[in-house]
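Presented below is the structure to which this report refers.
The values are calculated or read from the model by the stated rules, or taken from the named source; none is laboratory data. For clarity, every value in this text was computed on a predicted model and none was experimentally measured. Every residue, glycine as well, gets a Cβ built from its backbone with ideal geometry; the counts of neighbours run over all protein chains shown. Note: areas computed on protein heavy atoms with side chains; ligands, DNA, RNA excluded. Shrake-Rupley method; radii C 1.70, N 1.55, O 1.52, S 1.80 Å.
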Amino acid sequence: FTMAMYFVSRGAIIAACVTLASAFAPSPLGLASRAPALRGFCQHASRHISPLSMQLEGLVSKSPKECHEICESGEYVYLDVRTSEEFQASSPTGSVNVPAFAKTEDGMLPMSSTFLKLVSINFPDKDIKIVVGCQSGVRSKSACMWLDEAGYKNIIENESGFGGWSGAGLPTE
């Protein structure tokens, strides 16, 4: 079922929808009967206020071709945040892999603190210029948010991830 949570900050209501279990499955608690109302509320709220989009207002996203060009110039390093398995199957040439999520039976599990620790070991200088990419441009947005919160400010996101990279015929290994 989906649960709506409200946070009040200086008179503004911010709505966040959190998926707690598989979509609207009947449960012994009888929550399925309330799910349609919550689903409608969450769909409505997410069109107006998204906590992730609020935090990523300044995120710079570029096409895979543009990302390749700036990495090729040596100005930026490509940080691939996909799982190790995805990275080992194929990855942008010269990229560094630090998974931001772990694949579990229940889906992708965010690993923000582990991710940030590994990034800080690999890139202790927070002024480094990083292109962040995942498979499709979804996980990379979370990784960019975490990096920004940790003090990394020279971040560019590959807007369509590795799918866009390989689809554009850019070099892989």
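Below are the figures for this structure:
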item	result
The stretch 71-123, dipole about Cα centre (Lys/Arg Cβ +1, Asp/Glu Cβ -1), debye to the nearest 20	160 debye
Cα-based reach from Lys62 at 16 Å (exclusive), listing lysines while leaving out same-chain residues under 8 positions away	Lys129, Lys141, Lys153
Potential lengthening between Ala168 and Asn154 on full extension [0.36 nm per residue; Cα-Cα distance subtracted]	2.6 nm
Surface share of carbon and sulfur [accessible, 1.4 angstrom probe, percent] for the stretch 86-173	53 percent
Cα→Cβ-extended label distance, 7 Å offset, between Asp127 and Thr114, nm	3.3 nm
Candidate aspartates and glutamates - alpha carbon under 13 Å from Lys103, same-chain residues fewer than 8 apart omitted	Glu85, Glu86
Probe 1.4 Å, accessible area per residue of the stretch 74-135, Å²	53 Å²
Rounded to the nearest 20 debye, dipole of the stretch 110-173 from Cβ charges on Lys, Arg, Asp, Glu	120 debye
